[in-house]
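Notes for the one structure printed next.
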Amino acid sequence: MSAVSVTAVGKDARADVLVSSYDRAGYARVEPAVLQPAEPFLALSGEDIRRRMYLIPDAGGDDLCLRPDLTIPVALDYLASPQAGRPARFSYLGPVFRQRPGASGEFWQAGIESFGGADKTAADAEAMALALEATDLYGLTAPDIRMGDVGLFAALIAALDLAPVWRRRLAKDFNRKTVLAEDLHRLAVTGHNGTPEYQGVLAALSNADPKAARALVADLLSIAGITTVGGRSVAEIAARFLEQAELGAGAALPAETGQIIENFFAVAGDPATAAAALRRFAADVGLDLGAVLDTFEARNALLAEKGIDTGRIRFATSFGRGLDYYTGVVFELHDPHGRVEGQLVAGGRYDGLFARLGGGADASGHADAIPAVGFSVWIERLVALGAASPQSGSGVAR
């Protein structure tokens, strides 16, 4: 069955009903400003969002943008409020703006964000349950549930004997929406393919002070008139260039380590099957992944307690969401019949976001200590789904 085209720009009455239900559940409704500083989105969002942003030059020198999503604006408002560092839960409904060929650049999203919750597994399970309420409301009682966990991969690379440059490189690559097999083959297993023309520059920079080297490369790019490439800022391009210097200076990834990572990414199935496979994998390669797997299984148990059929969840260790700030569970809900393309609801855990936004201290002053989980609901896609199947039933079966 071919997917229907999505042309709806606004919202319907059910969207207000949905967000009102989140408000009653303790997620206070907020409305962040439409005009936002561009830098946090350029630094933290995935490449797809960066290249679709509506950027607006500002007289003060810093670019502004029309918000391309609502997670970062809600997080910035929270950091600027007296609640910063304390548990808080928010819901929202409003337009976001992205350049989309053949479709309106303005469309509506609803969602929730939960900040500072001490029980992360409980917050993750609650987010999934509330996400399913959105598809229930629009008549899709059994969506296709796709799930991954960035935290599992972070635990893996932390347990492996890897050079710091490889840890950073692999962590960044995972959060893109691509499978890592190509990077592992190109950068690790087969070694470097030839010597780039600028290898001498890379070698010289590899032993330089990192801050000074980054400033030098950024200055050279600015002199050349380069401001952005593929949505990346000059600072990001400079950091990537210096990363290549480290890789070119002998920080090779052993072939056996590359194979371990590839075997990790081969694990898929329902969550229970995946958990058992990951425990066997960890035992076979002699790595201690017990703590993160305990958390994974505890979350699965809480999902089942909330009435979610975990046997229907399609879990894969390679599944990611293409956004650079996710650190834990990630998930998407799709139409299993393919009537509407793209995710209907999507979200996950992003505990590192606040530190990267310049905050991240809890009420006791401990840095990088604000847990966060949330999701966004694509209202126009749910409306289009209803148009594609007007006889859809309603209910709460999951």
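Things to note:
- Only one of the listed residues (126, 106) is at pLDDT 90 or above, surrounded by 18 or more Cβ atoms within 10 Å (Cβ to Cβ) and either closer than 30 Å to residue 278 by Cβ or not aliphatic (A, V, I, L, M) (or both). That residue is 126.
- Between 295, 327, the distinction of being of a type in the set (Ser, Thr, Tyr) and modelled with pLDDT under 95 belongs to 327 only.
- One residue stands out in segment 328-342 among those that are buried (at least 21 other Cβ atoms within 10 Å of the Cβ) and in contact with a helix residue (DSSP H, G or I) (Cβ under 8 Å, 6 or more places away or on another chain): the one that is nearest to residue 124 (Cα to Cα), namely 329.
- Hey, residue 119 farther than 25 Å from residue 333 by Cβ and at pLDDT 95 or above or not: no
- In this structure, residue 114 does not satisfy being modelled with pLDDT of 65 or more, touching an Asp or Glu at 6+ places or on another chain (Cβ under 6 Å), more than 30 Å from residue 258 (Cα to Cα) and surrounded by 16 or more Cβ atoms within 10 Å (Cβ to Cβ).
- Residue within segment 75-96 that is at pLDDT 95 or above, part of a helix (DSSP H, G or I) and closer than 30 Å to residue 297 by Cβ present: yes
- Applying the set (1) assigned to a helix (DSSP H, G or I); (2) out of contact with any strand residue (DSSP E or B) (no Cβ under 7 Å at 6 or more places or on another chain) to residue 134 leaves exactly one unmet item: (2).
- Taken together, the residues in segment 15-46 that are open to solvent by 50 Å² or more (accessible area, probe 1.4 Å), free of Cβ contacts under 8 Å to residues at least 40 places away in the same chain and either among the hydrophobic types (A, V, I, L, M, F, W, C) or in contact with an Asp or Glu (Cβ under 8 Å, 6 or more places away or on another chain) (or both) amount to 2.
The values are calculated or read from the model by the stated rules, or taken from the named source; none is laboratory data. Just so it is clear, the structure is predicted and the values come from calculations on it, not from any experiment. In this analysis, Cβ positions are derived from the backbone assuming ideal geometry, glycine residues included, and neighbour counts consider all displayed protein chains. In case anyone asks, the SASA skips ligands and DNA or RNA and just uses the protein heavy atoms, side chains included. Shrake-Rupley method; radii C 1.70, N 1.55, O 1.52, S 1.80 Å.
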